[in-house]
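Please read the structure below before turning to the comments.
Read the figures in this text as sums done on the coordinates, not as results from a lab. Because the structure is a prediction, the values reported are computed rather than measured. Positions of Cβ are generated from backbone atoms using ideal geometry, with glycine treated the same way; all protein chains shown enter the neighbour counts.
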Amino acid sequence: MAKNIKDIADQYAKAIFELASERDQLDDVLHDLETIQKLITENPSFVTVVTASDLAITDRDQLLQTLTKGAAESIQNLIQLLARNDRLDILSMVIDQFVSHYNEAKGIVDVKATTAVALDDQRLDKLANVFAAKTGAKQVNIENVVDNSILGGVILQSQSILIDGSLQTKIAKMKAQLLG
C-alpha cells in the first residue's frame with residue numbers, strides 16, 4: 001500500500017529526531033534544520049535544480065555539501081539519504097515534521113490569537129500565559145491575527161485546542177437560546 005508524502009516525511013523526521021535525542025543534539029539539529037529551511041525558502045528553485053534529471057550526480061553532491069556545510073553529521077547523512085531515495089522534494093516537510101516533534105517533546109505550543117484589533121506585546125504575553133496555565137504548555141509561541149468579523153474578544157487556537165471567547169460566538173449562542 002502506498003504511503004502518503006506526509007507519512008514518509010514524518011518517518012524521516014522521527015528517525016532524525018530520535019537520533020538527535022539519543023546523541024543529546026536536539027537543539028543543534030533544530031538549528032541546522034531551521035537554517036536549511038530558511039535557505040530553501042529564500043531560494044525556492046534550489047530543490048528543483050538539485051533534483052533535475054539532467055544535473056550530474058557530482059554536481060548535485062557538491063550543491064548538497066554546500067547546503068549542509070557546518071551542519072551536524074546526522075543532517076548531512078539525512079540530506080544524502082533523501083537525495084539517494086529521490087526524496088529531496090519532501091525536505092521542507094521533513095523539517096516541519098521534525099519541528100513538530102521537537103516542540104511536542106519540549107512542551108512548546110504554537111497558538112494563533114484571533115482578535116478584532118491588533119494586540120500589543122504585553123497583552124499577547126498575558127494571553128500566552130493564560131493558555132500555558134490552562135494547557136500545561138511550557139512555552140507558548142503566540143501569533144496575533146486580526147479578524148474584525150469576530151467583533152471583539154479573542155479566539156485562541158493551537159493544533160489541538162480551541163478556546164473561543166469571541167463576541168461573535170457569544171451572540172450566536174444567545175440567538176440560538178432565544179430562538180429555541
*Tell me, what HN-Hα J-couplings in whole Hz come from the Karplus equation 6.51 cos²θ - 1.76 cosθ + 1.60 at θ = phi - 60° for each residue of segment 29-36, using x for Gly and Pro?*
5, 4, 4, 4, 5, 5, 5, 5
*asked:* Taking Cα extents along the principal axes in Å straight from the coordinates, which label in [x] 71, 37, 35; [y] 63, 46, 28; [z] 62, 31, 30 is the correct one?
replied: [x]
*Which percentage, to the nearest 5, of the DSSP beta bridges contained in segment 107-179 is antiparallel?*
55 percent
*Positive end of the charge dipole of the chain (Lys, Arg +1 and Asp, Glu -1 on Cβ, about the Cα centre): tell me which of ALA20, LEU124, ILE90 has its Cα farthest that way.*
LEU124
*Against the longest principal axis of the chain, how steep is helix 5-22, in degrees 0 to 90 to the nearest 10, with axes from Cα atoms?*
80 degrees
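Assigning unit charges at the beta carbon (Lys, Arg +1; Asp, Glu -1) and nothing else, what dipole magnitude in debye, to the nearest 20, does the chain show about its Cα centre?
Around 900 debye, computed over the chain.
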_Using only the alpha-carbon atoms, how far is helix 91-106 inclined from the longest principal axis of the chain? Give it as 0 to 90 degrees, nearest 10._
60 degrees
*Could you work out the local net charge near ILE155, counting Lys and Arg as +1, Asp and Glu as -1, over the other residues with Cβ closer than 9 Å to its Cβ?*
-1
_I want to check the label-to-label distance for ALA176 and GLN122. Put each point 7 Å from Cα in the C-beta direction and report it in nm to one decimal._
3.6 nm
*Between VAL140 and residues 5 or more places away or on another chain, which pairs have amide H atoms under 5 Å apart, with H built 1.01 Å from N, and which residues are they?*
VAL109
*Angle between the Cα long axis of helix 57-68 and the longest principal axis of the chain, 0 to 90 degrees, nearest 10?*
50 degrees
_Bins of 10 Å from zero: percent of alpha-carbon pairs in segment 5-104_ = 16, 53, 27, 4, 0
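Any idea what the relative contact order of the chain is, in percent, if you count C-alpha pairs under 8 Å spaced at least 6 apart?
Once divided by the residue count of the chain, the mean separation gives 20 percent.
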*Over the Cα atoms of segment 107-179, what Rg and Dmax result, in angstrom?*
13.1, 43
_Give the separation of the Cα centroids, segment 160-180 to segment 79-117, in Å._
33 Å
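Once R0 is set to 41 Å, what does the formula 1/(1 + (r/R0)^6) return for the Cβ-Cβ distance between GLU143 and LYS69, expressed as a FRET efficiency to the nearest 0.05?
0.80
In what order do ARG123, ARG84 fall by count of nearby beta-carbon atoms within 10 Å, going from fewest to most?
So the ranking, lowest neighbour count to highest, is ARG84, ARG123.
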*Roughly what would the spin-label model give for THR48 and SER100, points 7 Å off Cα along C-beta, in nm?*
2.6 nm
*Among bridges DSSP assigns within the chain, what percent are antiparallel (round to 5)?*
55 percent
